[in-house]
Amino acid sequence: MKKIKILALFAFLSFASCDNYLDINESPNNAKDTDVTPDLALAAAQTSSYANVTTSMNFLGNLFMNNWGYDVNSFAVTNPAEFSYSIDNNFYAAIWNTPMRSTANLTNIINTEFPNYENHVAIAKICKTFYFQILVDMYGDIPYTQAHLGVEDITPSYDNAKSVYRDLYVQLDDAINLIDNSPSAKAVGTEDAVFGGDMGRWKQFANTMKLRLLMRQIDLAEAGTDTETTTYVADKFLSLAGASFLDVDAALNPGYTDTRTDTRNPFWNIMYGADNETVTAFYRQYKASKRNADNLNNTQDPRKDRLFTLVGGLVVGVLQGDSSVVNGGTAPAALSSFGPGVLSGPSQDAYMISLAESLLLQAEAVHRGYLAGNAQGLFDSAIQASCAQLGATSGVATYISNVNTNFPGRGYTNGTYAQKIEAIMYQKNIALQGTNNVLEVFIEYTRTGLIDSIPGSILGATQANRPRRLLYPTSEYTSNSANVPAQGDVFTTGSFWFVY
């Protein structure tokens, strides 16, 4: 992927912070900045919104999915809130706060008054949809139509979750229309930190996001309890027939470099010190979970030594909630840390949607009969794409044959209808863990009802199951309390698409 110089990452911030700062007729709090052209703003808007995905969202997803455990041989905490489900309004508040605020930069581009920037607007619409889907999935109703109005409305009302989903789809259609029907649009170049201005790829991204929106509603559509959604999903799938989906990784990289800590890949940055060699407490704290290790070892997964370091040729994990042997637990003395496929260097890519995820979304849609195609071929190709992304080069074909033949619920060939869906979800978890937004996998497992098949902490939890979503953060009750809707019990009710 073509990289851009890291200076572009900060062009928008430096430009916006000093231009017209004495103009008292322009509020400095106004979300719309008419002085910055979209080409100057795009890279910063893309990267500032994403940092939270690969840190807070990635951490919570891996812990909720029982992919990671704690190094209980070195740290005293054995049963944190992620294991006990002691969730309150401060629990992972950044998952709400960061994208809700940072996507204002994307809104600024969408609302630009500069002419001929339709391609930039289209990219901003697609990127904004990516983040707002996560917000709906994790919280339900959200501020949407009145979000990012700045001083014009500092207490935005909340929109119904389903209506937001419907409009997100419309925004993707609008983005594709802008790309296809704006002959005077300025070309996008290296200011695009994902595809370097390849608008065909952005159309694929938009179609893949459409597919993700529809698949999130598929269980609700098939439940028969919401006829509007059933009809809506069927109609939209008809319009997606023959669409082109992502056939490459949608990898964000504005030119990550080890020049400074704030110019490095954000996931690497949280794991390594300024010298790029000394590991941080975050790196030392998290290890492979036993469940994850057992799956990787038992299926002879060629990605195991890319996801984790090996101990005696195997991934060695810790039970979530276990203790060290000296404290009465059973945790092995040597545990597997993150491998080179997860942490390859300060300039590594940050993935928005991987090719593996795109293929697995298609595989499920074909399996359920909503798209034409070969579900087995898409499934196998997704594993190959995941192995290539992680740098696993040997034993891939053998693994695909073995897992398909001998591991129902892990491979696709031999298994019931439900086990094939489980296999798609399992491979999505392996493919996305570590380098992608694993919160997406948690959402998918919640959507399919498979989340309750993931073992919890051995010390038990305060609730019978993991939450189906998160609580609105304290910041909303402090600044917008009149509009925050009642959520109900987040352990038994989810976003509008939740049926289990």
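Things to note:
- The one condition in (1) at pLDDT below 95; (2) among the small types (Gly, Ala, Ser); (3) within 27 Å of Asp153 (Cβ to Cβ); (4) surrounded by 17 or more Cβ atoms within 10 Å (Cβ to Cβ) that Ala486 fails to fulfil: (4)
- Near pairs, Cβ below 9 angstrom, 6+ apart or cross-chain, from segment 267-281 (within 19 Å of Thr435 (Cα to Cα)) to any residue that is surrounded by 12 or more Cβ atoms within 10 Å (Cβ to Cβ) and charged (D, E, K, R): Trp268/Asp258; Tyr272/Arg264; Asn276/Asp258; Asn276/Arg264
- Tally of residues being without any contact (Cβ under 8 Å) to a residue 40 or more places away in the chain and not aromatic (Phe, Trp, Tyr) across segment 116-141: 1
- Of the residues Gly456, Gly434, Gly494, the single one that is at positive phi, assigned to a loop (DSSP other than H, G, I, E, B), crowded, with 19+ Cβ neighbours inside 10 Å and in contact (Cβ under 8 Å) with a residue 60 or more places away in the chain is Gly434.
- Only residues that are exposed (fewer than 15 other Cβ atoms within 10 Å of the Cβ) and free of Cβ contacts under 8 Å to residues at least 60 places away in the same chain were counted in segment 394-413, giving 4.
Rundown of residues vs (1) touching a strand residue (DSSP E or B) at 6+ places or on another chain (Cβ under 9 Å); (2) among the basic types (Lys, Arg); (3) buried (at least 22 other Cβ atoms within 10 Å of the Cβ); (4) farther than 28 Å from Tyr85 by Cβ, yes/no style:
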residue	(1), (2), (3), (4)
Gly255	no, no, no, yes
Asn265	yes, no, yes, yes
Ile270	no, no, no, no
Gly273	yes, no, no, yes
Glu277	no, no, no, yes
Arg284	no, yes, no, no
Ala293	yes, no, yes, no
Lys304	yes, yes, yes, yes
Leu314	no, no, no, yes
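- Test: Ile353 is of a type in the set (Val, Ile, Thr) and under 14 Å from Leu432 (Cβ atoms): yes
- Filter pass, Gln320 being touching a helix residue (DSSP H, G or I) at 6+ places or on another chain (Cβ under 9 Å), surrounded by fewer than 20 Cβ atoms within 10 Å (Cβ to Cβ) and either at pLDDT 95 or above or part of a helix (DSSP H, G or I) (or both): no
- Residue within segment 363-378 that is in contact with a strand residue (DSSP E or B) (Cβ under 9 Å, 6 or more places away or on another chain) and either modelled with pLDDT of 95 or more or buried (at least 22 other Cβ atoms within 10 Å of the Cβ) (or both) present: no
- In the set (1) within 28 Å of Ala41 (Cβ to Cβ); (2) touching a residue at least 24 places away in the same chain (Cβ under 8 Å), Ile110 fails one condition alone, (2).
- Qualifying residue in segment 28-39 (condition: part of a helix (DSSP H, G or I) and either at pLDDT 95 or above or surrounded by fewer than 23 Cβ atoms within 10 Å (Cβ to Cβ) (or both)): yes
- So Ser289, is it in contact (Cβ under 8 Å) with a residue 12 or more places away in the chain and out of contact with any helix residue (DSSP H, G or I) (no Cβ under 6 Å at 6 or more places or on another chain): yes
Matching residues to (1) in contact with a strand residue (DSSP E or B) (Cβ under 9 Å, 6 or more places away or on another chain); (2) over 27 Å from Gly449 (Cβ atoms); (3) at pLDDT 95 or above; (4) surrounded by fewer than 23 Cβ atoms within 10 Å (Cβ to Cβ):
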{"position": "Ala175", "(1), (2), (3), (4)": "no, yes, yes, no"}
{"position": "Asp180", "(1), (2), (3), (4)": "no, yes, yes, yes"}
{"position": "Ala187", "(1), (2), (3), (4)": "no, yes, yes, yes"}
{"position": "Ala206", "(1), (2), (3), (4)": "no, yes, yes, no"}
{"position": "Met209", "(1), (2), (3), (4)": "yes, no, yes, no"}
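- Qualifying position, being in a helix (DSSP H, G or I) and more than 20 Å from Gln300 (Cα to Cα), among Ala363, Ala382: Ala363
- Exactly one residue out of Tyr472, Tyr445, Tyr500 is farther than 17 Å from Ser86 by Cα and at pLDDT 95 or above, and it is Tyr445.
- Single residue of Glu476, Glu422 found to be outside any loop (DSSP other than H, G, I, E, B) and within 22 Å of the chain's Cα centre (by Cα): Glu422
- Subset of segment 306-324 [free of Cβ contacts under 8 Å to residues at least 40 places away in the same chain and not aromatic (Phe, Trp, Tyr)]: Thr309, Leu310, Val311, Gly312, Gly313, Leu314, Val315, Val316
The values are calculated or read from the model by the stated rules, or taken from the named source; none is laboratory data. Keep in mind that this is a model prediction, so the values were computed, not measured. Note that each Cβ is placed from the backbone with ideal geometry, even for glycine, and that neighbours are counted across all protein chains shown.
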